[in-house]
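Have a look at the structure below before the remarks.
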Amino acid sequence: MSSWLRSALSIAGFFAVWEFVARMGVVPSDYFPTPTQVAATLVDEIRRGEIVAAFLVTLLRALVGASAAVALAVATALLTARYDLLRRAFDPIAELLRPLPPAAITPLAIFFLGLGWKLYAFILVFACFWPVYLNAAQALGAAPAVQIQTARSFGYSEWDILARVRLPAGLPTIFTGVRMAASIALIAAIAAEMIAGRDGLGFYLMDAGLTLRVPETFAGLVMAMIAGLIVNAIVLALLRLAVGWHARMAALAGAQ
Amino acid sequence: MAVLDVDAITKSLGGAEIIGGLSLRAEQGEFISVVGPSGCGKTTLLTCLAGLRRPDSGAVAFEGRRLDGPPDGMALIFQDYSRSLLPWRRNIDNVTFGMRRIAATTVEKRDRAMEILAAVGLRGFDRHYPWQVSGGMQQRVAIARALAAKPRLLLLDEPLAAVDAQTRADIQDLLLKLAAELGKTCLLVTHDVDEALYMADRVIVLSNRPTHVVDDIRVALPRPRDQIATRAAPAYLQLRERVLNLIRAMRTTA
């Protein structure tokens, strides 16, 4: 059986059980709609357009926030990899800030930054920065010594070696951090929208939930799921593009 | 003027004295092998010669100029070819990686890289990645990359220790052929006395740590060398016995 077919069957089974449980009436149907009801609501909502706007806003926030965080984190890691003094100064600060949950700093961030784009930028970058930075800092220092000595003997400067040896050698590990950041980005975007809420899927879900519009809440969840799938697909495409060699090398090593 | 002039260098690493007043000279076009008991500091010596490490005292001069970092005109070939090659680059791009100091356009560099790959017997493997070819072929890519830098001195750090016997013989002959054709000066560090003698015009025998030169033996065997005839020549066998006795004496006194 192909893996596509297996996935399709598995998902179809999930919806069948959901439909069955919902129709049994174990939970009042006001609180637990059937998949068909949710689908009908979703179609209505998409026609009205509000959910589509919310979806696009959230997706854009997550993607822009994650991209900015990745750029900032890799740039920081490149600097700390190049200058040992900077690394020794920055790493204790990183250890201090890293365990802070983004939700905990949101009230203070609202106080300082208001409810606009700056708030989202700050929360998303803060949440997504650490996994990328930590993976990148580790990866940039982990290139084999013999590769670096070879590059030095050919006349490459330390900056050249960073860009042409340490960075490409570290990309597979850096991407581990990027994947974590991508999933965190969506969580952070939706959570921030719930707190700061004026738009986006977080606001939509909160609004629908608090006003007991249950089918709409489920429709919002479906859209959040789709956003997650899109973010994941983008990361996987980038992964294939940037470090496809690594997967193929690992596959070859596994086959031998 | 000697291509390489090493004058009484010493080097300690982590409190251990590795090199203790070592001197040697390499003349233009010479093939020199350096052998010594295991762990005598051959690799440390090579990194000092390559300008990757600075000796604590003494001096290394390359073509009359005192080394201050890795110089233009010298290239290194390591034992650990699978790690020294860059796995995200195709073989041809690994070769052009060696051309950092070569003034040429990208197209010219690629053309030259193709020629060098052909010269080391890798025609048709330019688009492969290093991990898609055998160990012996990977070492050929590393050799091609070193040649791409147009070095006048090649430093070889046990380049063939990790390949099978047949491949080793093939690449030994390839290296001898290329060194002779291109007029390169070569310094090969190895623990294999047979390889040292087979390749070299001179074999330098090192002592235990802190290492210095205990013998400098001229290998007056005719060239081109032949894997069977050379190794069966009486002169070869005498030299082999002499070097092996030297090393064994140091192993038992160590």
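The values are calculated or read from the model by the stated rules, or taken from the named source; none is laboratory data. Please read all numbers here as calculations on a predicted model, not as lab measurements. Cβ sites come from the backbone with ideal geometry, for glycine too, and all protein chains shown count toward neighbours.
Quick notes on this structure:
- Residue tally, condition surrounded by 14 or more Cβ atoms within 10 Å (Cβ to Cβ) and within 13 Å of A:Val214 (Cβ to Cβ), over the range A:18-28: 1
- Test: A:Ala103 is surrounded by 15 or more Cβ atoms within 10 Å (Cβ to Cβ) and out of contact with any strand residue (DSSP E or B) (no Cβ under 6 Å at 6 or more places or on another chain): yes
- Taking residues in the range A:137-163 that are at positive phi and facing another protein chain (nearest Cβ under 8 Å), and partners anywhere that are surrounded by fewer than 19 Cβ atoms within 10 Å (Cβ to Cβ) and of a type in the set (D, E, K, R), the pairs with Cβ atoms closer than 8 Å and at least 6 places apart or on different chains are A:Gly155/B:Asp72; A:Gly155/B:Arg100; A:Gly155/B:Arg101.
- Cβ-Cβ distances below 7 Å connect the following pairs, each with a first residue in the range A:194-209 that is among the small types (Gly, Ala, Ser), a second residue that is at pLDDT below 95 and outside any helix (DSSP H, G or I), and a separation of six or more residues or different chains: A:Ala196/A:Leu115.
- Between B:Arg89, B:Arg83, the distinction of being at negative phi, modelled with pLDDT of 95 or more and under 24 Å from the mean Cα position of the chain (by Cα) belongs to B:Arg89 only.
- Applying the criterion of being closer than 28 Å to A:Val243 by Cβ and of a type in the set (A, V, I, L, M, F, W, C) to the residues of the range B:87-109, the residue that is nearest to the other protein chains (Cβ to nearest Cβ) is B:Trp88.
- Scanning the range A:1-17 for residues that are surrounded by 10 or more Cβ atoms within 10 Å (Cβ to Cβ) and more than 28 Å from the chain's Cα centre (by Cα) yields A:Ala16, A:Val17.
- Single condition B:Arg127 does not satisfy, out of (1) part of a helix (DSSP H, G or I); (2) more than 22 Å from the chain's Cα centre (by Cα); (3) among the basic types (Lys, Arg): (1)
- Enumerated helices (runs of 4 or more DSSP H) restricted to the range A:110-220, each holding at least 1 residues that are over 25 Å from the mean Cα position of the chain (by Cα): A:145-153, A:158-161, A:200-210
- Whenever a residue of the range A:1-26 is free of Cβ contacts under 8 Å to residues at least 60 places away in the same chain, its partners that are part of a helix (DSSP H, G or I) and surrounded by 11 or more Cβ atoms within 10 Å (Cβ to Cβ), lying with C-beta atoms within less than 7 angstrom and at least six residues away or across chains, give the pairs A:Phe15/A:Pro35; A:Trp18/A:Pro35; A:Glu19/A:Pro35; A:Glu19/A:Thr36.
- Among the residues examined, A:Ala181 qualifies as closer than 21 Å to A:Cys128 by Cα and surrounded by 21 or more Cβ atoms within 10 Å (Cβ to Cβ).
- Unique residue being free of Cβ contacts under 8 Å to residues at least 60 places away in the same chain and within 11 Å of another protein chain (Cβ to nearest Cβ) when the list is B:Ser57, B:Ser84: B:Ser84
- Lone qualifier among B:Leu13, B:Leu22 - being within 14 Å of chain A (Cβ to nearest Cβ) and either of a type in the set (Phe, Trp, Tyr) or touching a Ser or Thr at 6+ places or on another chain (Cβ under 9 Å) (or both): B:Leu13
- Top-ranked residue in the range B:64-81 [being surrounded by fewer than 17 Cβ atoms within 10 Å (Cβ to Cβ) and not small (Gly, Ala, Ser); ranked as nearest to the other protein chains (Cβ to nearest Cβ)]: B:Asp72
- Residue within the range A:224-239 that is over 24 Å from A:Pro35 (Cβ atoms), within 14 Å of chain B (Cβ to nearest Cβ) and surrounded by 11 or more Cβ atoms within 10 Å (Cβ to Cβ) present: yes
- From A:Ala142, A:Ala169, residue being under 30 Å from B:Ala142 (Cβ atoms) and surrounded by 20 or more Cβ atoms within 10 Å (Cβ to Cβ): A:Ala169
- Considering the range B:1-74, the qualifying strands (runs of 3 or more DSSP E), each wholly inside and each with 3 or more residues that are closer than 20 Å to B:Asp201 by Cα, run over B:4-13, B:16-26, B:31-35.
- Hits in the range A:240-256 - residues which are basic (Lys, Arg) and more than 10 Å from every other protein chain (Cβ to nearest Cβ): A:Arg240
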